[in-house]
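**Student:** Sending over a structure as structure tokens; questions will come in a sec.
The values are calculated or read from the model by the stated rules, or taken from the named source; none is laboratory data. Given the structure is predicted, the values throughout are model-derived calculations rather than measurements. So basically every Cβ, Gly included, is an ideal-geometry build from the backbone, and we count neighbours across all protein chains shown. What goes into the accessible areas is simple: the full protein's heavy atoms, side chains included, and nothing from ligands, DNA or RNA. Shrake-Rupley method; radii C 1.70, N 1.55, O 1.52, S 1.80 Å.
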Amino acid sequence: MTWLLAIPGLPAACFLVFLVSSRRIRERLLPLPAVCSFITLGLSVTALARVWPGGAEEPVWRGVLPFAPLGDHTLELSMALDPVAAAMLIVVTLIAACVQVYSLGYMHRDERKGWYFGVLSLFTSAMLVLVLSDTLLLTFMAWELMGLCSYLLIGFWFEMEAPRKASMKAFLTTKVGDMGFLLALFMIWSTVGSFEYRAVLESLGEWPAAAAAMAGFGLVFAAMGKSAQMPLHVWLPDAMAGPTPASALIHAATMVAAGIYVVARMLPLLALTPWVMEFVLAIGVATALMGGVLACVQHDVKKVLAYSTISQLGFMFIALGAGNAEVALFHLVTHAFFKSLLFLGAGVIIHAAHTQDMRLMGGLGRHMPITAGTFTVGTFALAGLFPFSGFFSKDEIIAVLVHHDHWYAAALALTASFLTAFYVNRLLFRVFSGPEQGELHEGHPSMLASLVVLAGITCVLGFASPTFAEFLGGEGVWPELGVALPSLAVAGAGLVTGWWIYGRRGVVVNTRIYKERFARLYGVLDQRLHFDTFYRQMIVEPFAIVASALATIDRTAIDGVVNGAIGFWKRAAVVAWSFDDAAVDGLVNGLAKIDVSATRLLDDFDNGFVDGIVAGVGHVVTAASAVRRVHTGNVRTYLIGLVSATAVLVWVLTR
Amino acid sequence: MSARDVLFYAYAALSIVCAVGIVRARRLVHAVVWLFATMVALAGIYLTLGSELMAGVQLFVYGGAVTVLALFALVLTRPVPELPARLSSASPWVAGASVLLLLATLITTTVDATELRAGVRPAPSTALVAAELFGRYVVLFEVAGLLLTVALVGAIIVARKDDAS
Amino acid sequence: MITAAHYTVLASGLFCIGLFGVLNARSALRVVVAVELMLNAVNLNLVAYAVTSGARPASALAFVLLLIVIAAAEVGLALALVVALSRRSDITAIDGYATLKG
Amino acid sequence: MNGTGHIVEVLAPQLIVVLTGALVLVADLVLPRREGEYPGRTWLAAASVTGLIAAGVAAFMAPANTSLLGGTLAVDGLSRFFDLVFIGIGIAVIGLSVDSVHRFTPWVAEYYALVLWCTAGNMMVALATGLFSLAVFLQLTSLPLIALLGLAKNDPRAREAALKYLLVVLVSTSLLLWGLSLVFGATGTDDMRGIAMAAAGGTLPALGAAGLVFMLAGFAFKVTSVPFQFWAPDVYEGAPPAVTAFLSVGSKLAGFALVVRFLALSIDALDISLAVGALAVASMTLGNLGALKQHNIRRLLAYSGIAQAGYILVGVAASSVTGLSAVLFYLAAYAIANALAFTVVVSFVDATGLDEVGDLSGLARRNPLAAFALAGALMSLAGLPLTVGFMAKFYVFMSAAESGLYWLTLAAVINAVLAFAYYLRIVWTLYVSDEEHAHVSMTRRHALVMVVGALGVVVIGLFPAPLLDAAHRAVTALIAG
């Protein structure tokens, strides 16, 4: 089954072709990535057929490439096809195909679309490698490569300030998470002597507790960065500065799910350490809630979707924290489809409305029936309404929580799902109903085709829920009424609330026709409006305050903590280098400097954590200048530094 | 105290005085003269060690060639003007402290060193030295020759005017 | 009795004086002169060890001879460079060369 | 076995390089030159490269694992590894100099001869197993560089760089020789293996330990590790770019060749993890912090080089077979990537006379190959997958973790993340530009070096096994022997 290599190979070849060909040739080859993605989709379906009906432990295919010798071992880059990988292959190739086709329409006016399609292909290839990878080393390489592609695509419109900054922020924030990955890799190597998934999972009995905790936590930390979990989620909303189809593929469906995917595969390792699992659960709950709250107060369509992605990734983390990988993966799959559907729909909307601000939209529904219809399917799936796919997957998560007696988590998850339904309706009403704004037209056929396909999948995928679980080797069950009803009720309540606040205005406008005929009734409505004011003051505004406080914390406190740490570090550098200066410049002078710096160090610590608003960049710059000050330009100070270092070293070593 | 010990202390004192003279001399030409004097004193020390070979080389190569070279360079360069104080960030005090620390460490370590308790024995003959030089160190000998070539080529191209080619 | 330690103490003194001279030299020529002193201290050490230590005494002396050649090469090149620099620049003091920094 | 013929046979690579240098000088006398034109200079470069290639072939064929001249020299896997690396560096430096050297000096033949002799010195340092031979060979790596730096005496910045390098070398050499004399006095031998064993067994007298520290100070300036790094940024910025390129790879690797050999001899018992680890952390942090705000590309690469020295020291601190193999691999990876980066810088400075990071803006449109090569080199230095730098960093960090130095691994990983900020900043500058700039032309020879370097970065990044295998075998043979 070496032909499986063509699955990641074809998109990579596309990238190479785009890399080496001139701009003119590139323009002619634009449909090539789409064609390739259809071929890879076909291959993936064949691969799935080979694995079917699944449930087996052993992979049906394994390809090994000896990569590099390391001591007595050999590092291998191996790929394997097992049920999980096969399922993910379908998801990735299908969505990639939709996005490629969609992009043909979406990007057709852009000057550098050749580069865009090339990088998108490279990304697809990296993601497919990650899915097929059978060793953590290859996973990590693909993981890093995806980070680079994400960076390139977020910053695609680099002429503008925002994408430039956002791309850097995304790259560096996820890089911080990657440190955890590296540490986990090193822990795994020193304990197991292999990076292979199965070798690691078979060796679980021999793991010392501390090593297991460090490796597990490292992986979780990496996933937090990649999958935008609090507090490393800050890059994802900014990443919306990139092209919308790229957001659909990378920042909704695939790359952000990579963290979940890797943790799901390594879940038994994490499960060795209870506190790591509890940490995952807590992070998941916090992220789900925070994402939900913040999605409620955004005005930018894409940002609403971004925060909703964060929230849904939080749900997947919850499932992982509860110890159920299949459920997390199923939510990953359903979410991938309906969220990419929503993003692609948002792209059509943004094209039509020429803005991303919901307050400037409205009345789009009548002119764009296909977009409105498919988008509504997506939002209902997101809200968890029967019979759309989101209902099944979210229901399973809550069922898992209930079965494992995580009652608090279940309650908080339900709250988050209430919020989801609420902002979903807010989104729908703001965009599609109300008065029209300017000329509107339906999207390009290639874009609509993708929407329809994804919407179709979203409608039926939920019913595959037990099959999916069995395919992965778990136990397939249908939703229980005891769990499904409350969660449906919560979602319904959220929808109604959303309608009450955002949708009802339309109702009021309509009732104006009846104003004279039913004056008394209108009075009641009017009174209801007073009630609404009351309601607004008592519930919405406190809520808004909490939300904006959260938003402020989101913007400042976390940055603040980071900045505080940076400030601390910078002062530490100043202290260290003042000491160096002191050695060179005269001790008395230097001691005073150390004193001042040390005081400032404490101050920074204080300010950084208490005030939370410190210009972090400036601090690193100061640290950098401290280093530069040491290099005075006078070679005699260099020599004196060299000799005094030698003197001290000699003195220390002959004691 | 044997005569050799007396000679050692005398030459040692002389060489230290001359070495201080190198550092303390106000004019560079004086410093070079002090250097020459130090080398002569060291040649005396080599004699107390019983190594006439080294004493001779010291006098002729160092005392002769190197000092003349330094004086030659001195003639070709301009004198250094007095600079305003505090122009540089390099502090003589830190330099002095580092060197003192170094000196103290070296002396205490040397005094404690049991491996240096051995007294002076007859120096190896010149023939033995030559055998070593052209036996074990023949490659080093060749490389030293190459180093002289490098220095020669380097000195020529560095010092000559560029339009000479 | 005069032992190797006596010679090493003397050499340490010469070396440190030379080092101090290097660190406080205002002109590059002075650095070269002081470095000469330091190299002489090294030679003194090696000759003393050749005469006191048991193992292969001739090897140290042979190395000292090589070292003198090497030092001559180094000093010759250094002097040439210093002369060349001083011919092309108004600055002769080391402290005057401080435009490259940070 | 110690006949002259045998020595010539075993040391053939070094000998060929030295003789090629002499040959180039002689050829310069007979080659014709016209008014202001010197067509022969290309031939000189070609002859130098040919000689280096011949030396490379000889290095392949030379008998391995021979100890020469009473144990003062050893020809083994390690020396062969470094022979090939230094020959590669020499070829790259000559390739990137061929179109630029006549811009700053008329002494073209002397320039090539000095580069060749310095390369020979670097190769010999990797052979040395005795202190005396080490001292002599180290001089051969430093003196030609002083002369090379002194060549560009008409540029004030180059003058300053030359003076600073000269003074640092003079002081360092004195410290090294002084330390050597103390070690010899304390142990009565110049055999590095014996000294290493004594140091490892804890039987090294205090005087010998002091001597080793002096020796460390004497050559550590070559590897530009803290606290011996001060000179590097100034000299890198001021010197002619081609010489800087040579300095940044050749000189640094010579220093590390020495470190690797000494450590390999004493690996079993010498506990240096803490001290070397501290130096590594200091170097990485200072280098990366210093690079963050640099505007001059050469200066930035100097600070980056200090940080890279720190990463390499991480592998040294691991003091294991894995660590030393990782160090060798890292050195090769660093040499390729840094030489590639400097090739672009040399080419750019030649074409424009500018060397600020901002001047590189929009290079991707002005010269796509150069921009791609520089981006590849920087990404390799940063350690991105698919480049050789990724595996290098991965191995080095992993060797530290394997030795249980988790604090060091963590510090290194954090530093690697920090470093991305400034490497990416340059890549941005290359690919992002609003205004129109003139095309930057470069010569075909520069383009050739760039293509070869970029291929090296990617191909070895994808297939690191042969190089890693060679590094591993060199280290295991050394430790077993």
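**Student:** Return the only residue of B:T114, B:T149 being under 26 Å from C:I2 (Cβ atoms), more than 7 Å from every other protein chain (Cβ to nearest Cβ) and not small (G, A, S).
**Tutor:** Values: B:T149 fails: under 26 Å from C:I2 (Cβ atoms).
When all the criteria are applied, what remains is B:T114.
**Student:** Tell me which residues, restricted to region C:40-56, are open to solvent by 10 Å² or more (accessible area, probe 1.4 Å) and either under 17 Å from B:F60 (Cα atoms) or touching a Gly at 6+ places or on another chain (Cβ under 6 Å) (or both).
**Tutor:** Correct list: C:S53, C:A55.
**Student:** May I ask you to verify whether A:T74 is over 30 Å from D:L328 (Cα atoms) and among the hydroxyl-bearing types (S, T, Y)? Talk me through it step by step, then tell me what you get.
**Tutor:** On the way: over 30 Å from D:L328 (Cα atoms): no; among the hydroxyl-bearing types (S, T, Y): yes.
No; evaluated as a whole, the condition is false for this residue.
**Student:** Quick one: which helices (runs of 4 or more DSSP H) lie wholly within region A:355-439 and hold at least 2 residues that are more than 17 Å from A:C459 (Cα to Cα)?
**Tutor:** On the way: elements: A:369-383, A:389-403, A:407-432.
In region A:355-439, A:389-403, A:407-432 are the helices (runs of 4 or more DSSP H) which contain 2 or more residues that are more than 17 Å from A:C459 (Cα to Cα).
**Student:** Considering region D:240-279 alone, what residues qualify as being more than 30 Å from D:T72 (Cα to Cα), of a type in the set (A, V, I, L, M, F, W, C) and at pLDDT 90 or above?
**Tutor:** D:A242, D:V243, D:A245
**Student:** Considering every residue within region D:89-107, establish whether at least one is within 14 Å of another protein chain (Cβ to nearest Cβ), touching a strand residue (DSSP E or B) at 6+ places or on another chain (Cβ under 8 Å) and either open to solvent by 10 Å² or more (accessible area, probe 1.4 Å) or among the aromatic types (F, W, Y) (or both).
**Tutor:** Going through region D:89-107, the residues within 14 Å of another protein chain (Cβ to nearest Cβ) turn out to be D:101-107.
Subset that is touching a strand residue (DSSP E or B) at 6+ places or on another chain (Cβ under 8 Å): none.
No, region D:89-107 contains no residue that is within 14 Å of another protein chain (Cβ to nearest Cβ), touching a strand residue (DSSP E or B) at 6+ places or on another chain (Cβ under 8 Å) and either open to solvent by 10 Å² or more (accessible area, probe 1.4 Å) or among the aromatic types (F, W, Y) (or both).
**Student:** Check A:F279 against each of (1) modelled with pLDDT of 90 or more; (2) open to solvent by less than 10 Å² (accessible area, probe 1.4 Å) and name the one condition it does not meet.
**Tutor:** The single condition A:F279 does not satisfy is (2).
**Student:** Do we have D:A351 as more than 28 Å from D:F81 (Cβ to Cβ), open to solvent by less than 10 Å² (accessible area, probe 1.4 Å), out of contact with any Asp or Glu (no Cβ under 6 Å at 6 or more places or on another chain) and of a type in the set (G, A, S) here? Even if it seems obvious, please write down each step before you answer.
**Tutor:** On the way: more than 28 Å from D:F81 (Cβ to Cβ): yes; open to solvent by less than 10 Å² (accessible area, probe 1.4 Å): no; out of contact with any Asp or Glu (no Cβ under 6 Å at 6 or more places or on another chain): yes; of a type in the set (G, A, S): yes.
No.
**Student:** While we're looking at this one, here's another question. How do the pairs read when you match residues in region A:27-46 that are of a type outside the set (D, E, K, R) with residues anywhere that are open to solvent by 70 Å² or more (accessible area, probe 1.4 Å), using Cβ under 9 Å and keeping only pairs 6 or more apart or on different chains?
**Tutor:** As it stands, the answer is A:L30/A:H108; A:L43/A:W3; A:T46/A:W3, since those pairs meet every condition given.
**Student:** Taking the stated definitions as given, is D:L73 open to solvent by less than 10 Å² (accessible area, probe 1.4 Å) and over 30 Å from D:D350 (Cα atoms)? I'd like the intermediate steps shown before the answer.
**Tutor:** On the way: open to solvent by less than 10 Å² (accessible area, probe 1.4 Å): yes; over 30 Å from D:D350 (Cα atoms): yes.
Yes; evaluated as a whole, the condition is true for this residue.
**Student:** Here's something else I'd like to know. Among the residues of region D:140-170, what is the count of those that are open to solvent by 10 Å² or more (accessible area, probe 1.4 Å) and part of a helix (DSSP H, G or I)?
**Tutor:** Going through region D:140-170 one residue at a time, the tally reaches 3.
**Student:** Do any helices (runs of 4 or more DSSP H) entirely within region A:1-93 hold 1 or more residues that are among the aromatic types (F, W, Y), and if so, which? Let's see the steps before the verdict.
**Tutor:** Numbers: elements: A:6-20, A:23-28, A:32-51.
Filter on region A:1-93 gives A:6-20, A:32-51.
**Student:** Among (1) under 26 Å from D:T20 (Cα atoms); (2) without any contact (Cβ under 8 Å) to a residue 24 or more places away in the chain, where does D:L163 come up short?
**Tutor:** With (1) under 26 Å from D:T20 (Cα atoms); (2) without any contact (Cβ under 8 Å) to a residue 24 or more places away in the chain applied to D:L163, the lone miss is (1).
**Student:** Which condition breaks for B:H30 when tested against (1) farther than 16 Å from B:I16 by Cβ; (2) within 7 Å of chain C (Cβ to nearest Cβ)?
**Tutor:** Among (1) farther than 16 Å from B:I16 by Cβ; (2) within 7 Å of chain C (Cβ to nearest Cβ), the lone unmet condition for B:H30 is (2).
**Student:** With the condition being open to solvent by 10 Å² or more (accessible area, probe 1.4 Å), I'd like the helices (runs of 4 or more DSSP H) fully within region A:178-251 carrying at least 2 qualifying residues. Give the steps one after another, and end with the answer.
**Tutor:** Numbers: elements: A:197-202, A:209-226, A:235-238, A:244-248.
Those helices (runs of 4 or more DSSP H) span A:197-202, A:209-226.
**Student:** Right, something else. Can you name the residue in region C:48-102 that is at pLDDT 85 or above and not aliphatic (A, V, I, L, M) and, of all such residues, is nearest to the chain's Cα centre (by Cα)?
**Tutor:** C:E74
**Student:** Given the conditions (1) surrounded by fewer than 19 Cβ atoms within 10 Å (Cβ to Cβ); (2) among the charged types (D, E, K, R); (3) away from chain B (no Cβ under 14 Å), which single one is not true for D:R80?
**Tutor:** Status for D:R80: all satisfied but (1).
**Student:** List the number of the failed condition for C:A34; all other conditions in (1) within 29 Å of D:D155 (Cβ to Cβ); (2) surrounded by fewer than 24 Cβ atoms within 10 Å (Cβ to Cβ); (3) within 14 Å of chain A (Cβ to nearest Cβ) hold.
**Tutor:** (2)
**Student:** Restricting the search to region B:21-35, which residues are open to solvent by less than 40 Å² (accessible area, probe 1.4 Å) and farther than 15 Å from C:V32 by Cβ?
**Tutor:** Answer for region B:21-35, where residues must be open to solvent by less than 40 Å² (accessible area, probe 1.4 Å) and farther than 15 Å from C:V32 by Cβ: just B:G21.
**Student:** Please specify each residue of region A:142-162 satisfying the condition of being part of a helix (DSSP H, G or I), in contact (Cβ under 8 Å) with a residue 24 or more places away in the chain and more than 17 Å from the chain's Cα centre (by Cα).
**Tutor:** Across region A:142-162, the qualifying residue is only A:A162.
Table: residues versus (1) open to solvent by 10 Å² or more (accessible area, probe 1.4 Å); (2) more than 12 Å from chain B (Cβ to nearest Cβ).
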| position | (1), (2) |
| --- | --- |
| D:W117 | no, no |
| D:S172 | no, yes |
| D:V183 | no, no |
| D:T187 | yes, no |
| D:T203 | yes, no |
| D:G208 | no, no |
| D:F219 | yes, yes |
